[in-house]
Amino acid sequence: MTLRESVERYVAWQRNHGAKFHSSAQTLETFCRQVGEDRDCDTVDEGEVRRFL
């Protein structure tokens, strides 16, 4: 599964369960753009996440 797909599913799940999830969704979208939307999730490493945060 790509990072883009997993973020879209996660955001949809949050919203389907009553969360507005606007700013968090924007943060995840920015992360996707920075590390590469079409990458497989399991190729994103801890260092990339830490640099983003």
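Computed quantities for the displayed model
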item	result
Residue count, segment 1-47 (criterion: under 9 Å from the mean Cα position of the chain (by Cα) and of a type in the set (Phe, Trp, Tyr))	2
Selection within segment 28-40 - surrounded by fewer than 14 Cβ atoms within 10 Å (Cβ to Cβ), of a type outside the set (Lys, Arg) and out of contact with any strand residue (DSSP E or B) (no Cβ under 7 Å at 6 or more places or on another chain)	THR30, GLN34
Selection status of GLU37, of a type outside the set (A, V, I, L, M, F, W, C) and at pLDDT 95 or above	no
Long-range neighbours under 8 Å by Cβ, at least six apart or interchain, first residue closer than 17 Å to VAL49 by Cα within segment 10-29, second at pLDDT 95 or above and assigned to a loop (DSSP other than H, G, I, E, B)	none
Residue that is surrounded by 12 or more Cβ atoms within 10 Å (Cβ to Cβ) and of a type in the set (A, V, I, L, M), where the choices are VAL49, VAL11	VAL11
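The values are calculated or read from the model by the stated rules, or taken from the named source; none is laboratory data. The model shown is predicted, which means the values in this text are computed figures rather than measured ones. All Cβ positions, even for glycine, are placed from backbone atoms using ideal geometry, and neighbour counts span all protein chains on display.
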